[in-house]
Amino acid sequence: MTAGGKLILGIESSCDETAAAIVADGAQVLSSVVASQIELHARFGGVVPEIASRAHLEAINNVIAQALQIAQAGQEQISAVAVANQPGLIGSLLVGLMAAKTLAWAWEKPLLAVNHVHAHAYSAALDGQPPQYPAVALIASGGHTSLYRAGSPMEIELLGSTIDDAAGEAFDKVSAILGLGYPGGPAIDKAARDGNPQAIRFPRSLLKGQSLDFSFSGLKTAVLYHVCGVPGAVRQGAEKGAQRLSPREIADVAASFQAAVVDTLCIKLRRAVKATGARSVILGGGVAANSALRAAVTELGKKHRLAVHIPAMKYCVDNAAMVAGLAYHYLQAGLTAPLDLNALATVRR
Ligand code: KG4
Ligand code: ZN
(Lines give C-alpha, C1' and ligand atoms only; values in the text may rest on other atoms or scores of the structure.)
(Ligands and ions follow the chains in the order given, each with its own letter.)
Protein backbone atom coordinates (compact mmCIF):
# COMPACT_ATOMS: atom_id res chain seq x y z
CA MET A 1 0.00 0.00 0.00
CA THR A 2 1.48 3.34 -0.98
CA ALA A 3 0.30 6.75 0.11
CA GLY A 4 0.68 10.26 -1.22
CA GLY A 5 3.39 12.47 0.22
CA LYS A 6 7.07 11.91 0.60
CA LEU A 7 8.19 8.34 1.18
CA ILE A 8 11.52 7.77 2.90
CA LEU A 9 13.39 4.50 3.03
CA GLY A 10 15.03 4.19 6.46
CA ILE A 11 17.84 1.78 7.31
CA GLU A 12 18.96 0.78 10.83
CA SER A 13 21.81 -1.58 11.76
CA SER A 14 23.46 0.01 14.80
CA CYS A 15 23.32 -3.00 17.12
CA ASP A 16 21.74 -6.43 16.68
CA GLU A 17 18.66 -5.67 14.59
CA THR A 18 18.82 -5.32 10.81
CA ALA A 19 15.89 -3.09 9.91
CA ALA A 20 14.38 -1.21 6.97
CA ALA A 21 11.15 0.77 6.76
CA ILE A 22 9.16 3.02 4.47
CA VAL A 23 7.46 5.96 6.16
CA ALA A 24 5.24 8.57 4.49
CA ASP A 25 5.62 12.21 5.54
CA GLY A 26 7.39 11.29 8.76
CA ALA A 27 4.23 9.81 10.25
CA GLN A 28 2.55 6.92 8.45
CA VAL A 29 4.51 3.67 8.55
CA LEU A 30 3.94 1.76 5.30
CA SER A 31 6.35 -1.02 6.19
CA SER A 32 8.73 -1.81 9.02
CA VAL A 33 10.84 -4.95 8.71
CA VAL A 34 13.10 -6.01 11.58
CA ALA A 35 15.40 -9.04 11.42
CA SER A 36 16.47 -9.76 14.98
CA GLN A 37 19.75 -11.51 15.77
CA ILE A 38 18.71 -12.39 19.34
CA GLU A 39 19.11 -16.13 18.75
CA LEU A 40 22.67 -15.71 17.46
CA HIS A 41 23.77 -13.80 20.57
CA ALA A 42 21.67 -15.47 23.28
CA ARG A 43 24.20 -18.17 24.12
CA PHE A 44 26.85 -15.49 24.76
CA GLY A 45 24.52 -13.54 27.06
CA GLY A 46 25.04 -10.33 25.05
CA VAL A 47 25.76 -8.95 21.60
CA VAL A 48 29.04 -10.12 20.01
CA PRO A 49 30.05 -7.27 17.65
CA GLU A 50 31.79 -9.40 15.02
CA ILE A 51 28.85 -11.81 14.78
CA ALA A 52 26.47 -8.84 14.60
CA SER A 53 28.15 -7.18 11.62
CA ARG A 54 28.36 -10.45 9.67
CA ALA A 55 24.68 -11.15 10.31
CA HIS A 56 23.77 -7.62 9.16
CA LEU A 57 25.63 -8.26 5.90
CA GLU A 58 23.68 -11.45 5.31
CA ALA A 59 20.30 -9.90 6.12
CA ILE A 60 20.40 -6.34 4.82
CA ASN A 61 19.51 -6.83 1.14
CA ASN A 62 16.52 -9.03 1.94
CA VAL A 63 15.29 -6.74 4.68
CA ILE A 64 15.37 -3.71 2.37
CA ALA A 65 13.71 -5.66 -0.46
CA GLN A 66 10.93 -6.77 1.90
CA ALA A 67 10.33 -3.26 3.20
CA LEU A 68 9.98 -1.97 -0.38
CA GLN A 69 7.74 -4.86 -1.36
CA ILE A 70 5.36 -4.51 1.59
CA ALA A 71 5.04 -0.77 0.93
CA GLN A 72 4.72 -1.45 -2.81
CA ALA A 73 7.33 1.18 -3.39
CA GLY A 74 10.39 1.37 -5.62
CA GLN A 75 12.93 3.87 -6.84
CA GLU A 76 10.28 6.20 -8.35
CA GLN A 77 8.23 6.49 -5.17
CA ILE A 78 11.11 7.00 -2.74
CA SER A 79 12.11 10.63 -2.04
CA ALA A 80 15.23 9.94 0.04
CA VAL A 81 17.28 7.25 1.76
CA ALA A 82 17.91 7.66 5.50
CA VAL A 83 20.32 5.80 7.75
CA ALA A 84 21.25 5.75 11.43
CA ASN A 85 25.01 6.40 11.16
CA GLN A 86 25.65 6.95 14.90
CA PRO A 87 26.09 5.85 17.68
CA GLY A 88 26.45 2.07 17.75
CA LEU A 89 28.78 -0.82 16.98
CA ILE A 90 31.07 0.45 14.26
CA GLY A 91 31.08 -2.72 12.15
CA SER A 92 27.29 -2.92 12.35
CA LEU A 93 26.72 0.76 11.54
CA LEU A 94 28.93 0.47 8.45
CA VAL A 95 26.74 -2.22 6.90
CA GLY A 96 23.61 -0.04 6.99
CA LEU A 97 25.57 3.03 5.98
CA MET A 98 27.07 1.36 2.89
CA ALA A 99 23.65 0.02 1.84
CA ALA A 100 22.08 3.47 2.24
CA LYS A 101 24.88 5.23 0.35
CA THR A 102 24.73 2.70 -2.48
CA LEU A 103 20.97 3.11 -2.93
CA ALA A 104 21.11 6.90 -2.63
CA TRP A 105 23.84 7.01 -5.28
CA ALA A 106 22.29 4.46 -7.65
CA TRP A 107 18.79 5.96 -7.36
CA GLU A 108 20.07 9.55 -7.36
CA LYS A 109 18.19 10.36 -4.16
CA PRO A 110 19.27 12.50 -1.20
CA LEU A 111 21.02 10.71 1.67
CA LEU A 112 19.89 11.59 5.21
CA ALA A 113 21.91 10.86 8.37
CA VAL A 114 20.15 10.27 11.68
CA ASN A 115 21.37 9.83 15.25
CA HIS A 116 19.96 6.49 16.49
CA VAL A 117 19.10 7.80 19.98
CA HIS A 118 17.40 10.91 18.58
CA ALA A 119 15.41 8.53 16.35
CA HIS A 120 14.21 6.67 19.49
CA ALA A 121 12.90 10.05 20.69
CA TYR A 122 10.82 10.20 17.49
CA SER A 123 9.26 6.74 17.73
CA ALA A 124 6.25 7.99 19.72
CA ALA A 125 5.34 10.18 16.72
CA LEU A 126 4.80 7.16 14.43
CA ASP A 127 1.28 6.07 13.48
CA GLY A 128 -0.28 8.40 16.04
CA GLN A 129 -0.65 11.93 17.30
CA PRO A 130 2.46 14.09 16.82
CA PRO A 131 4.06 14.82 20.22
CA GLN A 132 3.64 18.18 21.83
CA TYR A 133 6.86 20.28 21.93
CA PRO A 134 8.84 21.41 23.86
CA ALA A 135 9.14 18.07 25.60
CA VAL A 136 11.47 16.13 27.84
CA ALA A 137 12.47 12.86 26.19
CA LEU A 138 13.66 9.90 28.24
CA ILE A 139 15.41 7.33 26.08
CA ALA A 140 16.31 4.10 27.86
CA SER A 141 17.73 1.21 25.89
CA GLY A 142 20.43 -1.44 26.03
CA GLY A 143 23.13 1.03 25.03
CA HIS A 144 21.80 4.38 26.24
CA THR A 145 19.93 6.08 29.03
CA SER A 146 19.55 9.76 28.22
CA LEU A 147 17.35 12.71 29.04
CA TYR A 148 16.81 15.37 26.40
CA ARG A 149 15.05 18.66 26.02
CA ALA A 150 13.34 18.41 22.65
CA GLY A 151 12.29 21.72 21.10
CA SER A 152 11.13 19.86 17.99
CA PRO A 153 11.98 16.46 16.45
CA MET A 154 15.29 17.96 15.28
CA GLU A 155 16.22 20.27 18.15
CA ILE A 156 17.46 17.81 20.74
CA GLU A 157 19.60 18.95 23.65
CA LEU A 158 21.20 16.44 26.02
CA LEU A 159 20.38 17.10 29.69
CA GLY A 160 21.92 13.99 31.23
CA SER A 161 22.89 10.41 30.55
CA THR A 162 24.23 7.34 32.29
CA ILE A 163 27.73 7.49 33.69
CA ASP A 164 28.05 3.68 33.67
CA ASP A 165 25.53 0.98 32.70
CA ALA A 166 22.49 1.77 30.59
CA ALA A 167 19.08 0.85 32.07
CA GLY A 168 18.55 -1.95 29.53
CA GLU A 169 22.05 -3.24 30.21
CA ALA A 170 21.17 -3.44 33.92
CA PHE A 171 18.04 -5.45 33.01
CA ASP A 172 20.17 -7.79 30.89
CA LYS A 173 22.80 -8.27 33.62
CA VAL A 174 20.30 -8.78 36.45
CA SER A 175 18.45 -11.29 34.27
CA ALA A 176 21.74 -13.19 33.86
CA ILE A 177 22.29 -13.12 37.64
CA LEU A 178 18.78 -14.52 38.14
CA GLY A 179 19.24 -17.13 35.39
CA LEU A 180 16.32 -15.72 33.40
CA GLY A 181 18.12 -15.53 30.04
CA TYR A 182 18.78 -12.95 27.31
CA PRO A 183 17.47 -10.40 26.49
CA GLY A 184 16.80 -9.60 30.12
CA GLY A 185 14.23 -6.82 29.85
CA PRO A 186 11.25 -8.88 28.70
CA ALA A 187 12.26 -11.77 31.03
CA ILE A 188 12.41 -9.54 34.12
CA ASP A 189 9.21 -7.75 33.12
CA LYS A 190 7.46 -11.13 32.99
CA ALA A 191 8.98 -12.56 36.19
CA ALA A 192 8.24 -9.33 38.07
CA ARG A 193 4.50 -9.74 37.49
CA ASP A 194 4.43 -12.48 40.17
CA GLY A 195 6.73 -10.64 42.57
CA ASN A 196 6.46 -8.01 45.29
CA PRO A 197 8.21 -4.76 44.25
CA GLN A 198 8.62 -3.84 47.93
CA ALA A 199 10.16 -7.15 49.01
CA ILE A 200 13.75 -5.82 48.87
CA ARG A 201 14.74 -2.17 49.11
CA PHE A 202 17.43 -1.88 46.42
CA PRO A 203 19.30 1.45 46.14
CA ARG A 204 18.06 4.29 43.95
CA SER A 205 21.18 6.01 42.75
CA LEU A 206 20.22 9.64 42.28
CA LEU A 207 23.71 11.17 42.20
CA LYS A 208 24.34 14.58 43.72
CA GLY A 209 21.88 17.47 44.01
CA GLN A 210 19.71 17.93 40.97
CA SER A 211 21.87 15.78 38.68
CA LEU A 212 20.14 14.51 35.55
CA ASP A 213 22.76 11.82 34.98
CA PHE A 214 22.09 8.18 35.79
CA SER A 215 24.07 5.36 37.37
CA PHE A 216 22.87 1.76 37.38
CA SER A 217 26.00 -0.23 38.18
CA GLY A 218 25.53 0.10 41.98
CA LEU A 219 22.02 -1.29 41.70
CA LYS A 220 23.26 -4.21 39.59
CA THR A 221 25.95 -4.95 42.20
CA ALA A 222 23.37 -4.73 45.01
CA VAL A 223 21.29 -7.40 43.24
CA LEU A 224 24.39 -9.53 42.71
CA TYR A 225 25.30 -9.34 46.42
CA HIS A 226 21.72 -10.04 47.44
CA VAL A 227 21.64 -13.18 45.29
CA CYS A 228 25.23 -14.44 45.54
CA GLY A 229 26.37 -12.93 48.84
CA VAL A 230 28.90 -10.18 49.56
CA PRO A 231 32.44 -11.26 48.62
CA GLY A 232 34.34 -12.34 51.74
CA ALA A 233 31.24 -12.76 53.89
CA VAL A 234 30.10 -16.27 54.73
CA ARG A 235 26.54 -17.02 53.73
CA GLN A 236 25.07 -20.48 53.59
CA GLY A 237 24.56 -21.65 50.00
CA ALA A 238 25.49 -18.27 48.50
CA GLU A 239 27.82 -19.87 45.94
CA LYS A 240 24.81 -21.44 44.28
CA GLY A 241 23.59 -17.98 43.30
CA ALA A 242 20.03 -17.84 41.98
CA GLN A 243 19.75 -21.64 42.11
CA ARG A 244 19.12 -21.47 45.85
CA LEU A 245 16.17 -19.10 45.34
CA SER A 246 12.58 -20.27 44.95
CA PRO A 247 10.55 -19.01 41.94
CA ARG A 248 8.75 -16.74 44.38
CA GLU A 249 12.03 -15.24 45.64
CA ILE A 250 13.28 -14.76 42.08
CA ALA A 251 10.05 -12.96 41.22
CA ASP A 252 10.52 -10.72 44.28
CA VAL A 253 14.10 -9.82 43.30
CA ALA A 254 12.98 -9.12 39.70
CA ALA A 255 10.07 -6.94 40.86
CA SER A 256 12.17 -5.07 43.46
CA PHE A 257 14.97 -4.44 40.95
CA GLN A 258 12.49 -3.27 38.30
CA ALA A 259 10.86 -0.93 40.84
CA ALA A 260 14.27 0.62 41.63
CA VAL A 261 14.97 1.28 37.92
CA VAL A 262 11.48 2.67 37.29
CA ASP A 263 11.64 4.93 40.38
CA THR A 264 15.04 6.28 39.38
CA LEU A 265 13.96 6.95 35.80
CA CYS A 266 10.75 8.67 36.94
CA ILE A 267 12.49 10.84 39.56
CA LYS A 268 14.98 12.05 36.95
CA LEU A 269 12.24 12.57 34.38
CA ARG A 270 10.33 14.71 36.87
CA ARG A 271 13.49 16.68 37.69
CA ALA A 272 14.05 17.35 33.99
CA VAL A 273 10.43 18.48 33.55
CA LYS A 274 10.88 20.92 36.44
CA ALA A 275 14.23 22.17 35.13
CA THR A 276 12.95 22.80 31.60
CA GLY A 277 9.36 23.83 32.29
CA ALA A 278 8.22 21.43 29.53
CA ARG A 279 4.62 20.20 29.75
CA SER A 280 5.15 17.13 27.64
CA VAL A 281 7.19 13.95 28.02
CA ILE A 282 8.32 11.44 25.43
CA LEU A 283 9.47 7.92 26.18
CA GLY A 284 11.61 5.78 23.88
CA GLY A 285 14.11 2.91 23.59
CA GLY A 286 13.81 -0.79 24.37
CA VAL A 287 13.16 -0.19 28.08
CA ALA A 288 10.10 1.90 27.11
CA ALA A 289 8.51 -1.50 26.39
CA ASN A 290 8.61 -2.21 30.14
CA SER A 291 5.08 -2.49 31.52
CA ALA A 292 5.95 -0.98 34.93
CA LEU A 293 7.74 2.00 33.33
CA ARG A 294 4.89 2.64 30.90
CA ALA A 295 2.40 2.60 33.78
CA ALA A 296 4.56 4.81 36.04
CA VAL A 297 5.17 7.45 33.35
CA THR A 298 1.47 7.48 32.46
CA GLU A 299 0.72 8.02 36.17
CA LEU A 300 3.36 10.78 36.42
CA GLY A 301 1.71 12.52 33.48
CA LYS A 302 -1.72 12.37 35.12
CA LYS A 303 -0.41 13.60 38.47
CA HIS A 304 1.47 16.58 37.02
CA ARG A 305 -0.82 17.21 34.05
CA LEU A 306 1.77 16.47 31.41
CA ALA A 307 1.12 15.23 27.90
CA VAL A 308 2.65 11.74 27.75
CA HIS A 309 3.85 10.20 24.49
CA ILE A 310 4.75 6.52 24.65
CA PRO A 311 5.59 4.59 21.46
CA ALA A 312 3.68 1.51 20.37
CA MET A 313 5.51 -1.61 21.61
CA LYS A 314 6.83 -2.45 18.12
CA TYR A 315 8.57 0.95 17.89
CA CYS A 316 10.29 0.76 21.32
CA VAL A 317 13.04 -1.68 20.40
CA ASP A 318 15.32 -0.92 17.46
CA ASN A 319 13.52 -0.38 14.16
CA ALA A 320 13.99 1.66 11.00
CA ALA A 321 10.59 3.39 11.00
CA MET A 322 11.85 5.81 13.66
CA VAL A 323 14.87 6.54 11.43
CA ALA A 324 12.78 7.20 8.30
CA GLY A 325 10.28 9.21 10.38
CA LEU A 326 12.81 11.58 11.90
CA ALA A 327 14.71 11.87 8.60
CA TYR A 328 11.61 13.37 6.94
CA HIS A 329 12.14 16.51 9.03
CA TYR A 330 15.78 16.70 7.90
CA LEU A 331 14.67 16.37 4.28
CA GLN A 332 12.12 19.16 4.70
CA ALA A 333 14.83 21.35 6.25
CA GLY A 334 17.26 20.56 3.40
CA LEU A 335 19.70 18.89 5.79
CA THR A 336 21.02 16.16 3.49
CA ALA A 337 24.26 14.25 4.04
CA PRO A 338 27.22 13.88 1.65
CA LEU A 339 28.06 10.51 0.09
CA ASP A 340 31.35 10.42 2.03
CA LEU A 341 29.36 10.34 5.29
CA ASN A 342 31.02 8.34 8.04
CA ALA A 343 29.76 6.14 10.86
CA LEU A 344 30.48 7.21 14.45
CA ALA A 345 30.59 4.63 17.24
CA THR A 346 30.23 7.05 20.13
CA VAL A 347 28.58 10.44 20.38
CA ARG A 348 27.57 12.24 23.53
CA ARG A 349 24.63 14.31 22.41
O1 KG4 B 1 16.44 0.05 21.89
P2 KG4 B 1 16.96 -1.34 21.92
O3 KG4 B 1 16.30 -2.37 21.03
O4 KG4 B 1 18.49 -1.40 21.57
C5 KG4 B 1 19.43 -0.42 21.91
O6 KG4 B 1 19.45 0.65 21.26
O7 KG4 B 1 20.16 -0.71 22.89
O8 KG4 B 1 16.89 -1.81 23.45
C9 KG4 B 1 17.21 -3.12 23.85
C10 KG4 B 1 17.16 -3.16 25.37
C11 KG4 B 1 17.67 -4.46 25.97
O12 KG4 B 1 18.58 -4.17 27.00
C13 KG4 B 1 16.42 -5.12 26.51
O14 KG4 B 1 16.65 -5.93 27.65
C15 KG4 B 1 15.57 -3.90 26.87
O16 KG4 B 1 15.81 -2.99 25.82
N17 KG4 B 1 14.14 -4.24 26.94
C18 KG4 B 1 13.41 -4.12 28.07
C19 KG4 B 1 12.12 -4.63 27.76
N20 KG4 B 1 12.10 -5.01 26.44
C21 KG4 B 1 13.36 -4.74 25.96
N22 KG4 B 1 13.75 -3.67 29.29
C23 KG4 B 1 12.79 -3.73 30.25
N24 KG4 B 1 11.55 -4.23 30.04
C25 KG4 B 1 11.16 -4.67 28.82
N26 KG4 B 1 9.93 -5.14 28.63
ZN1 ZN C 1 18.22 1.54 20.17
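Structure summary
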item	result
Pair list, Cβ under 6 Å, 6 or more apart: segment 95-115 residue on the phi > 0 side of the Ramachandran plot, other residue open to solvent by 20 Å² or more (accessible area, probe 1.4 Å) and assigned to a helix (DSSP H, G or I)	none
Segment 76-92 - residue that is more than 19 Å from ALA333 (Cβ to Cβ) and surrounded by fewer than 24 Cβ atoms within 10 Å (Cβ to Cβ) and, of those, farthest from ligand 2 (Cβ to nearest atom)	GLU76
Matching residues in segment 316-343 - criterion: being within 23 Å of LEU138 (Cβ to Cβ) and either touching a His at 6+ places or on another chain (Cβ under 9 Å) or modelled with pLDDT under 95 (or both)	CYS316, VAL317, ASP318, MET322, VAL323, LEU326
Tabulated pairs, segment 168-179, first in the same structural domain as PHE202 (by TED's automatic domain parsing) and within 16 Å of ligand 2 (Cβ to nearest atom), second open to solvent by 30 Å² or more (accessible area, probe 1.4 Å) and not aromatic (Phe, Trp, Tyr), C-beta under 7 angstrom, 6+ apart or interchain	GLY168/GLY142; GLU169/GLY142; ALA170/LYS220; ASP172/GLY142; ASP172/PRO183
Given (1) more than 14 Å from ligand 1 (Cβ to nearest atom); (2) buried (at least 22 other Cβ atoms within 10 Å of the Cβ), index of the condition ALA52 fails	(1)
Residue count for segment 90-124, restricted to those that are in a helix (DSSP H, G or I), under 19 Å from CYS316 (Cβ atoms) and of a type in the set (Ser, Thr, Tyr)	1
In segment 136-155, the residues that are under 18 Å from ARG271 (Cβ atoms) and either away from ligand 2 (no atom under 16 Å from the Cβ) or among the aliphatic types (A, V, I, L, M) (or both)	VAL136, ALA137, LEU138, ILE139, ALA140, LEU147, ARG149, ALA150
Matching residues in segment 147-167 - criterion: being within 16 Å of ALA124 (Cα to Cα) and in contact (Cβ under 8 Å) with a residue 24 or more places away in the chain	LEU147, TYR148, ARG149, ALA150, SER152, PRO153, MET154, ILE156
Hits in segment 185-215 - residues which are open to solvent by 30 Å² or more (accessible area, probe 1.4 Å) and part of a helix (DSSP H, G or I)	PRO186, LYS190
Single unsatisfied condition, LEU97 versus (1) more than 20 Å from SER31 (Cβ to Cβ); (2) away from ligand 1 (no atom under 16 Å from the Cβ); (3) open to solvent by 10 Å² or more (accessible area, probe 1.4 Å); (4) modelled with pLDDT of 95 or more	(3)
Residue check for ASP263: assigned by TED's automatic domain parsing to the domain that holds MET154, within 16 Å of PRO203 (Cβ to Cβ) and either surrounded by fewer than 21 Cβ atoms within 10 Å (Cβ to Cβ) or away from ligand 1 (no atom under 16 Å from the Cβ) (or both)	yes
Conditions (1) touching a residue at least 60 places away in the same chain (Cβ under 8 Å); (2) within 16 Å of the chain's Cα centre (by Cα): number failed by GLY184	(1)
Tally of residues being assigned to a helix (DSSP H, G or I) and open to solvent by 50 Å² or more (accessible area, probe 1.4 Å) across segment 270-284	3
Residue selected from segment 18-44 under the condition within 13 Å of ligand 1 (Cβ to nearest atom) and buried (at least 24 other Cβ atoms within 10 Å of the Cβ), by the criterion farthest from ALA124 (Cα to Cα)	THR18
Qualifying residue in segment 156-164 (condition: more than 16 Å from ligand 1 (Cβ to nearest atom) and acidic (Asp, Glu))	yes
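The values are calculated or read from the model by the stated rules, or taken from the named source; none is laboratory data. As the structure is a computational prediction, the values presented were derived from the model and not from experiment. So basically every Cβ, Gly included, is an ideal-geometry build from the backbone, and we count neighbours across all protein chains shown. Heads up: the accessible areas ignore ligands, DNA and RNA and are worked out on the full protein's heavy atoms, side chains in. Shrake-Rupley method; radii C 1.70, N 1.55, O 1.52, S 1.80 Å.
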